[in-house]
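Report on the following structure.
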Amino acid sequence: MTARRPDGRTAKIAVIAGDGIGPEVIEAAIPILDRVAAKHGVSLAWERLPYSADHYLKTGETLPDAAFQHLRDDVDAILLGALGDARVPGNEHARDILLGLRFKLDLYVNFRPVELLHPDLTPLRLPAVGPSGRPAVDFVIFRENTEGQYLGRGRSSGDEHIAEEVNTGKGVERIIRAAFDWAKAHGKTRVTMSDKSNAIPTHRIWQERFKTVAKEYPGITAEHRYVDALALELVREPQRFEVIVTNNLYGDILSDLGAGLVGGLGIAASANLHPGSRHALFEPVHGSAPALTGKGVANPIAAVLTGGLMFEHLGHPAAAADLKRAVRTVLAGRARTPDLGGNGSTKAVVSALGTLV
Ligand code: NAD
Ligand code: IPM
Ligand code: MN
């Protein structure tokens, strides 16, 4: 991903820890990120912001304009925990904060890696190492992040509720191009585009733009799967995929499926990006996990690996690699949280990581 300031030694990071386990996993990850940063000669200046369900219920504020402007103009990255709370059934605060930042900062790439970091984390029967010597599961999802049904356009009248799905040529083309660019830069040889153009006529735009953009990348095989078939194939043979590009909603669903293939939401990271821009928002794929909140057993690894994606964006890929190495080692050991079949606590995982970075 694009580095903002390769020589930058202090990065200003705004933190929106949010709801439920959000604050637990973010506060667990921060000391680890600080240690790795220091080791690589970087310093992270954290600024904690209060925006959350609690704050909304107390003040009526979701994300005030001044806060948005500050996030837009003054920080190097935003790290978000999770948003979602039963006391806000309409999820207005998450719409304004999470979706609002994605839309208003035009973070059109939601980058979600799916990588098997330890062979026993997959529920599938797979060879530990694929034919090319790569880990058995290692693909990334490029989820379109600014259009689709997420814009919330539509209308309700009487018994009829219409949700519109927005697909613009510009929006579709730029996410497809981002996927190919990333594939090319990372030596990948296959990009799979997924839509539902057999049932949804407007998905024709995905077919058209995919064909046009693919021509510019002759070394990369461009293939298409309808999203239903892709869901099946991801379970049957995930090791054949390298880069998947799809719309907002399908990307949301496939990224949870992808997480399920490699250990679950407790370890799934994501980055919201606009390639070439300094604006970026980093969040674990998981939500606020209300049932786990306050129990001290939330898995902090998704948040830690999300910090790794943040290091890449800030121009410190070696720090990201260091974090991933430490995570692999921890996953091979005993300090696992219950979601990964262990009985470790959030703190135990953090201490194990702390000895490795
Ligand atoms: P969820 O991700 O919160 O939980 C799904 C399952 O994964 C649960 O079994 C949960 O216990 C488990 N899980 C999630 N994160 C975990 C972690 N770090 N360690 C261990 N186990 C973990 O999804 P949900 O239950 O569908 O949603 C709960 C709330 O979170 C909703 O309000 C939803 O809208 C919101 N949500 C927010 C985000 C976000 O802010 N990025 C993402 C997804 C869901
Ligand atoms: C995610 C989440 C969000 C989404 C929700 C909380 C709006 O599920 O980041 O994957 O659907 O994008
Ligand atoms: Mn999701």
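The values are calculated or read from the model by the stated rules, or taken from the named source; none is laboratory data. Computed from a prediction, not measured in an experiment: that's the story for all the values here. All Cβ positions, even for glycine, are placed from backbone atoms using ideal geometry, and neighbour counts span all protein chains on display. Side chains included, ligands, DNA and RNA excluded: accessible areas come from the protein's heavy atoms. Shrake-Rupley method; radii C 1.70, N 1.55, O 1.52, S 1.80 Å.
Listed values, structure above:
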{"quantity": "Amide H contacts under 5 Å for residue 126, placed H, 5+ residues apart", "calculated": "none"}
{"quantity": "Given charges at beta-carbon only (K, R positive; D, E negative), |dipole| of the chain in Debye", "calculated": "1020 debye"}
{"quantity": "Length-normalised contact order for the chain - Cα pairs under 8 Å, 6+ apart - percent", "calculated": "25 percent"}
{"quantity": "Scattering profile of the chain at q = 0.07, 0.10 Å⁻¹ [log10 I(q)/I(0), Debye over alpha-carbon scatterers]", "calculated": "-0.28, -0.60"}
{"quantity": "Whole-Hz ³J(HN,Hα) from phi, Karplus 6.51 cos²θ - 1.76 cosθ + 1.60, for the range 272-285, glycine and proline x", "calculated": "9, 9, 10, x, x, 9, 7, 5, 6, 10, 10, 8, x, 5"}
{"quantity": "Normalised alpha carbon radius of gyration of the range 125-261 [divisor 2.2 N^0.38 Å]", "calculated": "1.11"}
{"quantity": "Residue order for 164, 233, 144 - accessible surface, 1.4 angstrom probe, largest first", "calculated": "164, 233, 144"}
{"quantity": "Residue-wise HN-Hα coupling along the range 96-107, computed from phi with Karplus coefficients 6.51, -1.76, 1.60 (Hz; x: Gly, Pro)", "calculated": "6, 7, 6, 5, x, 5, 4, 6, 6, 8, 6, 7"}
{"quantity": "Peptide ranges 182-192, 209-219, 9-19 listed from the most packed, as the mean C-beta count within 10 angstrom indicates", "calculated": "9-19, 182-192, 209-219"}
{"quantity": "Whole-percent carbon and sulfur share, accessible surface of the chain, 1.4 Å", "calculated": "53 percent"}
{"quantity": "For the chain: accessible area per residue (Å², 1.4 Å)", "calculated": "42 Å²"}
{"quantity": "Residues whose placed amide H lies under 5 Å from that of residue 336, excluding near-sequence neighbours", "calculated": "343, 344"}
{"quantity": "With DNA, RNA and ligands ignored, accessible area of residue 157 (1.4 Å probe; Å², nearest 10)", "calculated": "70 Å²"}
{"quantity": "Backbone HN-Hα couplings from phi across the range 57-70 [Karplus 6.51/-1.76/1.60, Hz, Gly and Pro as x]", "calculated": "5, 6, 10, x, 8, 9, 10, x, 3, 4, 5, 4, 4, 4"}
{"quantity": "Other-chain or far-sequence residues with amide H under 5 Å of residue 221's (modelled H)", "calculated": "190, 191"}
